[in-house]
Amino acid sequence: MSLQKHEFKTEVKELLNLMIHSLYSHKEIFLRELISNASDAIDKARYEALTNREISETAWTIRITPDKAAGTLTISDNGIGMTHEDAVRHLGTIAHSGTTEFLALLKSRDVQEHPELIGQFGVGFYSSFMVADKVTVVSRKAGSGQTAVRWESAADGTFTIVDAERSSAGTDVVLHLREEDKKYLDEWEIRGIVRKYSDYIDYPVVMEVEREEKSEIDKDKTVKIRKDETLNSQKAIWLRDKADISDSDYNEFYKHIGHDFSDPAKVIHYKAEGTTEFTALLYLPERVPFDIFYKEFKIGPALYVKRVQIMDHCEELIPAWLRFVKGVVDSSDLPLNVSREILQNNRQVEVMKKSITKKVLDTLGEMKRDEREKYEKFHAGFGRILKEGIHFDHSRREAIAELLLFPSTKTEPGKTVTLPEYLDRMKPDQQDVYYITAPSYDEAMRSPYLEAFAKKDLEVLIMTDEVDPIIMRDLGEFKGKKLKSITRGDLALDKEEEKEKKEADQKFARLLDLMKEQLKDDVKDVRFSGRLTDSPCCLVTDENQMDPSMERIFKAMGQEVPQSKRILEMNPHHPVIEALNAAFEKNSADPALKENIALLMDQALLLSGAKPKDPTAFAKAVARLMTEQLNK
Ligand code: ADP
């Protein structure tokens, strides 16, 4: 056959043009693409060999040959090969459905400004022209009676085809590297790229290297020898049978991909079958990454399509509130040239994300049930992130709530209780789940709000995470039981208390009016309650009002928070109330009344974790009382 000249199809011309003139970084991915093509070609040959006796099993190999003298880099395989027609068809057109999107993306400012995005796409054979000004392909189709073909192009809009010689079936892709891309002839450069992108390719990627060794004849001398080395580990660990993988295999792989030096807390390895097929090897870390709360934290497992890495982190595969999950997901259905845009609106990806989310939650549930101590450790590190799911994922609320752990007034220090466990040990006549939010466990345990609950032996959950008030509000209830903050709203724990409250309201009605009048700028109301047994008074939040801790979060996020006044609740059984009332009955204009009411208010502020309204006046009043007592 004499030399034939062909025109590239328009879209190929356009693609080549963009590749050559717009992409200057991450060019190295050309090697990933060519190795992936070679691996596909071997897959096909192996498949053919099953039924075609002219093709036999052989040592399937992908070979990389850098030739510094010629300035060429050759990627060879002993796979299926191409006929003359194959070469014209496959290396002259683009058969992908995603091409239009890809071309549009290449032209977009996004990629121009962030060329690293290119690394996430399968760009195929044509990416060779990112580093080569001329590409020669010599290929011979597998099977008897096939002749070899030579395809060649300098990306000038045309390619040539001519008969050639090749002793066996397979393909050589010869890249005539541009001067500025000659670094791809360097052994270590090549090794690095293969390790980075193609480590898990099933077939050995081999390169002949030169090494110095001690001479056999003269032990004091070294000689240069050339030998083949396999550059990839060939271990697609996630595709291997679970029974063949040891714990240490799993852990080593985790450290490699997770950039972590400690073993993971849990390994999740499963294969999803059905309409969407994929294999997932996921890890729950033990150690909290220092940057997990940073905006730049990369979310999601690596995405592979048929063992070829498409992206390091695919955030479409996992909700942000599971961002601690690391690992690999390998899809058999997605196209190799899948783009971010496609991922974002892909039904299959949606199904994968759902499956992964459920699997992770199920695994956490098992861990909580079977390995409580380990789970407690995990929760201490990652519970805060998991809780975000309650706010952002309505459908998973209850499932996530089941996984949360809280200390309570009835747990040993350092131990926790779950919501289901709390429900199980609720008092027979207890209606609601009680909780208190506080900056720390110790502060919560000292809180006056707990007095009545302690007296009645009611368990109160202690919430010290900043996000707790928000998620409790989001949840509202758990398995039909209301979640009630004990620092909010009107709280009557039983009928007896209701009665006492009413009596106190009547008995101290006039004193109450005086207090309300004096404190009208500071509190919304003054009332009696059964919340307290030892302390004289406390501040509570109205049922529909924000908790002070929630106010703090909103303020920190720069949001407007309406100035909200709290309610001053008083303990009708406290002797100070009786004394105050007696003084009031004697002389309602006694100036000591005013000072003592202010002192009560300041005490309530202190107990709620705030400062007295006027610290100087407070200190003076206390000093005066001390003097009075000591001089008695
Ligand atoms: P893709 O591999 O995604 O289909 P490419 O542009 O990389 O797209 O390759 C186009 C086609 O060229 C392939 O589908 C395949 O048919 C053929 N091809 C490329 N490289 C080889 C090879 N090493 N051996 C055999 N066929 C190849």
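Glu459: net charge of surrounding residues, Cβ under 9 Å, Lys/Arg +1, Asp/Glu -1, itself excluded? Taking every other residue near Glu459 into account, the sum is +2. Taking a sphere under 12 Å around the Cβ of Val349 and counting the other residues whose Cβ falls inside, with K and R at +1 and D and E at -1, yields a net charge of -1.
Distance from the alpha carbon centroid of region 407-476 to that of region 273-290 works out to 33 angstrom.
Suppose every K and R has +1 on its Cβ and every D and E has -1 on its Cβ; what is the size of the dipole of region 4-230 about the Cα centre, in Debye to the nearest 20? Intermediate values should be presented prior to the final figure.
On the way: 31 positive and 41 negative charges, 33 e Å.
Computed about the Cα centre, the dipole is about 160 debye.
Taken along the Cα-to-beta-carbon direction at a fixed 7 Å, the label points for Lys455 and Gln518 span 2.4 nm. Calculated [222 nm] ellipticity per residue, helices only, for the chain: -11500 deg cm²/dmol; basis is -39500 (n - 2.57) per DSSP H run with n ≥ 4, divided by all residues, nearest 500. The residues of the chain present an accessible area of 51 Å² per residue when probed at 1.4 Å with all protein chains retained. If you bin all the Cα-Cα distances of the chain at 10 Å, starting from zero, the percentages per bin are 3, 13, 18, 16, 13, 10, 9, 8, 6, 4, 2, 0, 0. The separation of region 330-385 from region 10-81, counted between C-alpha centres, amounts to 34 Å.
Measuring nothing but alpha carbons in region 237-370 and taking Rh as the Kirkwood radius, the Rg to Rh ratio lands at 0.94. The heavy atoms of Ile245 present about 20 square angstrom of accessible area, all protein chains included, probe 1.4 Å.
Of the heavy-atom accessible surface of region 406-486 (probe 1.4 angstrom), what whole percent is carbon and sulfur? Ligands and nucleic acids excluded, carbon and sulfur reach 47 percent. Given points 7 Å out from each Cα along the Cα-Cβ axis, report the Glu54 to His259 separation in nanometres with one decimal. Each label point lies 7 Å from its Cα, and together they span 5.1 nm.
Taking amide H as placed 1.01 Å from N in the peptide plane, the amide H of Ser535 sits under 5 Å from none that are at least 5 places away or on another chain.
Can you tell me the FRET efficiency between Asp590 and Asp442 if r is taken as the Cβ-Cβ distance and R0 is 35 Å, rounded to the nearest 0.05? Using R0 = 35 Å, I get an efficiency of 0.35. The charge dipole of the chain, taken about its Cα centre with unit charges on the Cβ of Lys, Arg, Asp and Glu (plus for the first two, minus for the last two), comes to roughly 620 debye. Here the contact order of the chain, divided by its residue count and restricted to Cα pairs under 8 Å and six or more residues apart, works out to 8 percent. For region 4-230, with all protein chains in place and a probe radius of 1.4 Å, 48% of the accessible heavy-atom surface sits on carbon or sulfur.
Once the chain from Lys68 to Gln4 is taken as fully extended at 0.36 nm per residue, the excess over their C-alpha distance is 20.0 nm. Among 605-611, 301-307, the peptide with the highest mean count of other Cβ atoms within 10 Å heads the list, and the full ranking is 301-307, 605-611. Heavy-atom accessible area with a 1.4 Å probe sorts Met82, Met130, largest first, into Met82, Met130.
Packing order of peptides 144-156, 323-335, highest average first: 323-335, 144-156 (average count of other Cβ atoms within 10 Å over each peptide's residues). All other residues whose Cβ lies under 15 angstrom from that of Thr93 are scored, Lys and Arg at +1 and Asp and Glu at -1, for a net of -2.
The values are calculated or read from the model by the stated rules, or taken from the named source; none is laboratory data. Just so it is clear, the structure is predicted and the values come from calculations on it, not from any experiment. So basically every Cβ, Gly included, is an ideal-geometry build from the backbone, and we count neighbours across all protein chains shown. When the accessible area is computed, the model is the full protein with side chains, heavy atoms only, and any ligands, DNA or RNA have been set aside. Shrake-Rupley method; radii C 1.70, N 1.55, O 1.52, S 1.80 Å.
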